[in-house]
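Peer 1: Below is the structure I would like to discuss, written out as C-alpha cells.
The values are calculated or read from the model by the stated rules, or taken from the named source; none is laboratory data. Being a predicted model, the structure only gives us computed values, none of them experimental. Because the Cβ atoms are built from the backbone with ideal geometry, glycine has one as well, and the counts that use them run over all protein chains shown. Surface areas here come from the heavy atoms of the whole protein model, side chains and all, with no ligands, DNA or RNA. Shrake-Rupley method; radii C 1.70, N 1.55, O 1.52, S 1.80 Å.
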Amino acid sequence: MIAALSPYHMTTREPATIAALLLAERVVTMMPTPFEGVERPHVERAVSRSPRYLELMESWRWSVPLWNAGVITGDVDGEDAAGEVRSVCDRLRDDDRLAPLRLFMRESLFDDERSYLDAIARDLLRAGPDPAISIPVAAAMDRLAALHGMVVMRSFPTSIAQRAEQGLAKKMFAFAMPMLLQASGERLLEAREGLGDSVTELGSLALSAANGKASSADVADAARDAADAFESVRTDLARPCDDEDDLHVILGTASVTVVSLPVDAVLESSLAAFQAFGPAPVRASTRETTLPALRDPLAGERVISFIVRTIGRRR
C-alpha cells in the first residue's frame, strides 16, 4: 500500500502520520522545493532567502531517516503534488460554481518561488490557517492519490470544513491498531523492522477490502496479528529515543475508519463551510477566454481514505 500524506500532518507529526508510516510500504507527501530543483545549491539559496523555509526544514528533521530509507518520498512514478496544486488553482479560477472560494485565493501565490516557499512554510508551521494554501494543497493530495491508486491519510475531523467533508464520505469499515503515538524517525524505522510484515499487511488488506477484493473479517484477523506482533516488541520500542534527546515514546491505540470520498471532497466541503456563514460576495474569474471549459479528467473519481483517531494511550 502507498499512502498519500498531507505535509500539514508531517509538520504536526500527528496520529495520521504515524499510522501512515506503520501501515504503508511507502508514504508520499508534498515537499515544498525550489522551482529549480532539490539540488543543494538551490535549497541553500532558498533557505537564505526565506528564514521560514529553513524553520520548516528544521521541523521536518525528525523524518530524515525515513526519507533516507525511502519510506517517505515526494513523488510517485515521477509525479508530485505540485502539478496537481496548479490544476486545483486553475479550477478555482475558472469554475464559476466555486466562485465563493476565489475570495480566499491569491492567483500569483504559486508563481513566484520566494513568495511561494515563504507562504507555504509559514502556513505549514501554523497548521493551515490560510485557505489560499491549505485548500489547494489538500485537494492536490487527493487528486494525486486518485491518479495513482493511493490511500489518503486523514485526521479525525475537527474543523467545520472537515465535518462537512464527512457528509460526503461513504463509510466502509473500521479497525483498531496499536500505535507509537510519539517516537523519533529512527524508532519508527525500528518499529517497521521489528513488526515485520504484520502491520503493512494490515494496511494492504484494508485497501483490498475497500476495493472489494477482501472482506472486513480478513482485516479483523490481520489487525489481531498486528496487535500480537506489537506486543512482542512493545517493551523494546517503549524505551526513550536517544536520537531525539531522550524523547519519551508514547504508546497507544488508534481507530482507523476506512471511507470513500469524491476526489473533489476538499473543494466541495470548503465551499459548504464558507457558505454556512451566509452568502458572500463573489470575485469573478480574471481569465478571459472564448474556449469551452475543459472537463476535469478526474471528474467523478473517488479516493479511499483512512481516518485516524487516537482512542487510548499509555507510556
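Peer 1: Tell me which residues, restricted to segment 83-126, are aromatic (Phe, Trp, Tyr) and within 16 Å of Val266 (Cβ to Cβ).
Peer 2: Phe104
Peer 1: Whether any residue in segment 187-195 is in contact with an Asp or Glu (Cβ under 6 Å, 6 or more places away or on another chain), open to solvent by 10 Å² or more (accessible area, probe 1.4 Å), of a type outside the set (S, T, N, Q) and in contact (Cβ under 8 Å) with a residue 24 or more places away in the chain is what I want to check. So that I can check it myself, show each step before the final result.
Peer 2: Applying the first criterion (in contact with an Asp or Glu (Cβ under 6 Å, 6 or more places away or on another chain)) to segment 187-195 yields none.
There is no residue in segment 187-195 that is in contact with an Asp or Glu (Cβ under 6 Å, 6 or more places away or on another chain), open to solvent by 10 Å² or more (accessible area, probe 1.4 Å), of a type outside the set (S, T, N, Q) and in contact (Cβ under 8 Å) with a residue 24 or more places away in the chain.
Peer 1: Report every pair of residues separated by at least 6 positions or lying on different chains whose Cβ atoms are under 8 Å apart, first residue within segment 223-238 and without any contact (Cβ under 8 Å) to a residue 40 or more places away in the chain, second assigned to a helix (DSSP H, G or I) and of a type in the set (Val, Ile, Thr).
Peer 2: Final answer for the pair search is Ala229/Val199.
Peer 1: Moving to a separate point now. Can you list the helices (runs of 4 or more DSSP H) lying wholly within segment 1-85 that have 2 or more residues being within 20 Å of Leu188 (Cα to Cα)?
Peer 2: Ranges flagged: 7-12, 15-23, 51-59, 64-68.
Peer 1: Looking only at residues in segment 66-82 that are farther than 19 Å from Leu144 by Cα and aliphatic (A, V, I, L, M), which one is surrounded by the most Cβ atoms within 10 Å (Cβ to Cβ)?
Peer 2: So the residue we want is Leu66.
Peer 1: Something else about it: Take Ser208 and tell me if it is in contact with a Cys (Cβ under 9 Å, 6 or more places away or on another chain) and open to solvent by less than 50 Å² (accessible area, probe 1.4 Å).
Peer 2: no
Peer 1: Going by the conditions given, is Glu79 under 23 Å from Gln182 (Cβ atoms) and of a type in the set (D, E, K, R)?
Peer 2: no
Peer 1: Could you list all residues from segment 240-260 that are in contact with a Pro (Cβ under 9 Å, 6 or more places away or on another chain) and either open to solvent by less than 10 Å² (accessible area, probe 1.4 Å) or basic (Lys, Arg) (or both)?
Peer 2: Of segment 240-260, the ones in contact with a Pro (Cβ under 9 Å, 6 or more places away or on another chain) are 243, 246-249, 251-254.
Matches in segment 240-260: Val249, Leu251, Gly252, Ala254.
Peer 1: Return the only residue of Ser48, Ser63, Ser59, Ser87 being of a type in the set (Ser, Thr, Tyr), more than 19 Å from Ala4 (Cβ to Cβ) and surrounded by 15 or more Cβ atoms within 10 Å (Cβ to Cβ).
Peer 2: Ser59
Peer 1: Follow-up. What pairs can you find where one residue is in segment 4-22 and β-branched (Val, Ile, Thr), the other is open to solvent by 10 Å² or more (accessible area, probe 1.4 Å), and their Cβ atoms are less than 6 Å apart, with a gap of 6+ or different chains?
Peer 2: Pairs that qualify, where the first residue is β-branched (Val, Ile, Thr) and the partner is open to solvent by 10 Å² or more (accessible area, probe 1.4 Å), are Thr11/Ser59; Thr17/His9.
Peer 1: Has segment 214-232 got at least one residue that is of a type in the set (Phe, Trp, Tyr), farther than 18 Å from Ile18 by Cα and surrounded by 14 or more Cβ atoms within 10 Å (Cβ to Cβ)?
Peer 2: Checked against the condition, which is being of a type in the set (Phe, Trp, Tyr), farther than 18 Å from Ile18 by Cα and surrounded by 14 or more Cβ atoms within 10 Å (Cβ to Cβ), segment 214-232 yields no hits at all.
Peer 1: Tell me whether segment 285-308 contains one or more residues that are outside any loop (DSSP other than H, G, I, E, B), of a type outside the set (Val, Ile, Thr), open to solvent by less than 30 Å² (accessible area, probe 1.4 Å) and at pLDDT 95 or above.
Peer 2: yes
Peer 1: Taking the condition crowded, with 22+ Cβ neighbours inside 10 Å and closer than 29 Å to Val27 by Cβ, does Ala132 pass?
Peer 2: no
Peer 1: With the requirement that a residue be open to solvent by 30 Å² or more (accessible area, probe 1.4 Å), within 22 Å of Ala146 (Cα to Cα) and either in contact with a Cys (Cβ under 7 Å, 6 or more places away or on another chain) or of a type in the set (A, V, I, L, M, F, W, C) (or both), what does segment 170-186 give you?
Peer 2: Of everything in segment 170-186, those that are open to solvent by 30 Å² or more (accessible area, probe 1.4 Å), within 22 Å of Ala146 (Cα to Cα) and either in contact with a Cys (Cβ under 7 Å, 6 or more places away or on another chain) or of a type in the set (A, V, I, L, M, F, W, C) (or both) turn out to be Met172, Ala174.
Peer 1: Same structure again: I'd like to verify a number: residues in segment 186-209 that are modelled with pLDDT under 95 and under 19 Å from the mean Cα position of the chain (by Cα), how many?
Peer 2: 0
Peer 1: From Ala164, Ala121, grab the single residue that is crowded, with 17+ Cβ neighbours inside 10 Å and under 24 Å from Val64 (Cβ atoms).
Peer 2: Unique residue meeting the criteria: Ala121.
Peer 1: If a residue must be within 21 Å of Met141 (Cα to Cα) and either open to solvent by 40 Å² or more (accessible area, probe 1.4 Å) or assigned to a helix (DSSP H, G or I) (or both), how many such residues does segment 96-111 contain?
Peer 2: 8
Peer 1: Among the residues of segment 8-45, count how many are of a type in the set (Val, Ile, Thr), open to solvent by less than 10 Å² (accessible area, probe 1.4 Å) and within 19 Å of Ala82 (Cβ to Cβ). Spell out the reasoning first.
Peer 2: Filtering segment 8-45 down to residues of a type in the set (Val, Ile, Thr) leaves 11-12, 17-18, 27-29, 33, 38, 43.
Going one step further and asking which of them are open to solvent by less than 10 Å² (accessible area, probe 1.4 Å), we end up with 17-18, 27-29.
Restricting the remaining residues to those that are within 19 Å of Ala82 (Cβ to Cβ) gives 27-29.
Selection size over segment 8-45: 3.
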